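Following: one structure in structure tokens, then a few remarks.
A short reminder: the numbers here are calculations on the coordinates, not readings from a lab. Just so we're clear, the structure is a prediction, and the values are computed from it rather than from any experiment. We place every Cβ from the backbone using ideal geometry, glycine too, and count neighbours over all the protein chains shown.
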């Protein structure tokens, strides 16, 4: 027997565990839904701190924060951000998702204005746009989209866009609002082609494009500069296919056995981008952190 075959070899560590040994800071999730992830527990003071301790294997000192979206008007009345936004590193964005466009009325708009004015950690409007996959007619969606863009202009807030299969209609609607070409824009969960990316960039040169786990167009991901990317988990959606760190927490008792993602899993997104682009994961995370600061100012 050869000597090299007689020496016991240590078990192979998963790539993510090896990567975490050299991970620096800058772990920040640009888009998630803590209210949907935690349910009623989002109203419990300091719950996110508890969750981070329970999941320290993936949410250690390198995790800096996230931007959580509140996009269903009926949930605004509970003001879930009163507790969750008190925690360090957590910021909020508020808006009406295209699937909820029928709920957009004068009362909804008044509430939207109130929260933008009174809640300092609400930093943007979110989920603003058009979505052909939902049953709400695009004409109704467009009314809600245009009004929210006008409010963003009034309050000088960034906009996180939700566009699915209606890029041309959305681009035209945005032009009608007079939105400045250099407005801070985040195209949430971008899965379209490189060509569509270029069209958007020609219209809004400072737009950043969000990528989630296993969903980005690979040609787009290879060719797009890091300066145009934002990393998202969209938690609790898009969980990793293989999670080396089992998620823990009281909130799991209220969920089905279906896997969930959480903001700490933005590391998986960064790892995927780094692999596709042949880069060090810390370079990807650092670029993401700079891009978030450029768009959201946090």
Compute the long axis of helix 281-296 from its Cα atoms, compare it with the longest principal axis of the Cα atoms of the chain, and write down the angle in degrees, 0 to 90, nearest 10.
20
Degrees separating the helix 106-118 axis from the principal Cα axis of the chain, which is the longest one
60
Work out the FRET efficiency for residue 106 and residue 180 from their Cβ-Cβ distance, taking R0 = 35 Å, and round it to the nearest 0.05.
0.85
Simple spin-label estimate for residue 88 and residue 134 in nanometres, 7 Å along Cα-Cβ:
3.6
Select from 95, 178, 227 the residue whose mean-square fluctuation is largest in a Gaussian network model of the chain (Cα-Cα springs shorter than 10 Å).
178
Taking alpha-carbon centroids only, the range 79-120 lies from the range 273-289 a number of Å equal to 31
Using only the alpha-carbon atoms, how far is helix 138-155 inclined from the longest principal axis of the chain? Give it as 0 to 90 degrees, nearest 10.
90
Could you give the length gained on full extension between residue 119 and residue 56, defined as 0.36 nm per residue of separation minus the Cα-Cα distance, in nm?
19.8 nm
Calculated from DSSP H runs of 4 or more alone, at -39500 (n - 2.57) each and per residue, what is the 222 nm mean residue ellipticity of the chain, nearest 500?
-11000 deg cm²/dmol
Connecting C-alpha atoms closer than 10 Å in a GNM of the chain, tell me which of 187, 207, 279 has the biggest fluctuation.
279
Taking the alpha-carbon centroid of each part, what is the distance from the range 186-253 to the range 27-60 in angstrom?
20
Roughly what % of DSSP beta bridges within the range 23-296 run antiparallel, to the nearest 5?
0
What FRET efficiency do you get for residue 191 and residue 293 if R0 is 25 Å and r is their Cβ-Cβ distance, rounded to the nearest 0.05?
0.50
Compute a Gaussian network model of the chain, connecting alpha carbons closer than 10 Å, and tell me which residue from 153, 94, 122 fluctuates the most.
153
